[in-house]
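One structure below.
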Amino acid sequence: MPKAADLLLAWATLLAASKNNHPPSMSNTFIRNGFIAAGLVNILAVLLLSRAFTNAVIPETDPVVMSNFGLLMIVVWGLVFLAVAPSYQHVKWVVGAFVVEKLVYAVVWFRWITTHDVAAVYDQDLFAGVFYSVYGLNDFLFFLFFAAVFYQLHRRGPKPLNSGLNQ
């Protein structure tokens, strides 16, 4: 296992390199497809794993975060990701909000997964077990994606709303 000093040195090296050579930009198509994937994953995973909000084990397991209302709001976030996909270039701060949203869910999941027995959830319901096993990993990956998009938009500078909306 690497030591903390080694990790810090590697991080500092990457930061120094990124100041001189900007990391490669993601294409508009890749980013648009990433937003679509984020939206579809939110919507389809919740609808499938909650069995269209009829799986009582998910909200019973974490009633504060994953109530049926909480699950519905995850679907709504998915709809917002889909809505932003064609014009993400014009809403940098909305993308920034996506970064925060995904980070919050990832942190909440990490705290949950490290203090609860997910095997007990699997014993109650396979779909709920799968849900609690993966939702935080999914949110963390999309946190990284949205953070990279936000960074790219921030580095690029402001883009007028009327430029390229009809492309």
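Would you be able to tell me the number of residues in the range 71-121 that are part of a loop (DSSP other than H, G, I, E, B) and either modelled with pLDDT under 95 or over 28 Å from Ala56 (Cα atoms) (or both)?
1
Under 18 Å from the mean Cα position of the chain (by Cα) and loosely packed, with under 15 Cβ neighbours inside 10 Å, is that true of Val104?
yes
Go through (1) under 17 Å from Val91 (Cα atoms); (2) of a type in the set (Val, Ile, Thr); (3) open to solvent by 40 Å² or more (accessible area, probe 1.4 Å) and name the single condition Val149 misses.
(3)
Within the range 108-121, is even one residue closer than 25 Å to Arg32 by Cα, among the β-branched types (Val, Ile, Thr), without any contact (Cβ under 8 Å) to a residue 12 or more places away in the chain and open to solvent by 30 Å² or more (accessible area, probe 1.4 Å)?
No, because not a single residue in the range 108-121 is closer than 25 Å to Arg32 by Cα, among the β-branched types (Val, Ile, Thr), without any contact (Cβ under 8 Å) to a residue 12 or more places away in the chain and open to solvent by 30 Å² or more (accessible area, probe 1.4 Å).
Read through the list (1) under 25 Å from Phe131 (Cα atoms); (2) in a loop (DSSP other than H, G, I, E, B), then give the number of the only condition that Ser25 fails.
(1)
Restricting attention to the range 61-76, which residues are free of Cβ contacts under 8 Å to residues at least 12 places away in the same chain and open to solvent by 20 Å² or more (accessible area, probe 1.4 Å)?
Pro63, Val64, Ser67, Phe69, Met73, Val76
Can you tell me which residues in the range 77-93 are open to solvent by 60 Å² or more (accessible area, probe 1.4 Å) and within 16 Å of the chain's Cα centre (by Cα)?
Trp77, Leu79, Ala83, Trp93
If a residue must be assigned to a helix (DSSP H, G or I) and of a type in the set (D, E, K, R), how many such residues does the range 122-132 contain?
1
The values are calculated or read from the model by the stated rules, or taken from the named source; none is laboratory data. Here the structure is a predicted model, which is why all the values come from computation and not from measurement. Cβ coordinates were reconstructed from backbone atoms using ideal geometry, including for glycine residues, and neighbour counts include every protein chain displayed. Surface areas here come from the heavy atoms of the whole protein model, side chains and all, with no ligands, DNA or RNA. Shrake-Rupley method; radii C 1.70, N 1.55, O 1.52, S 1.80 Å.
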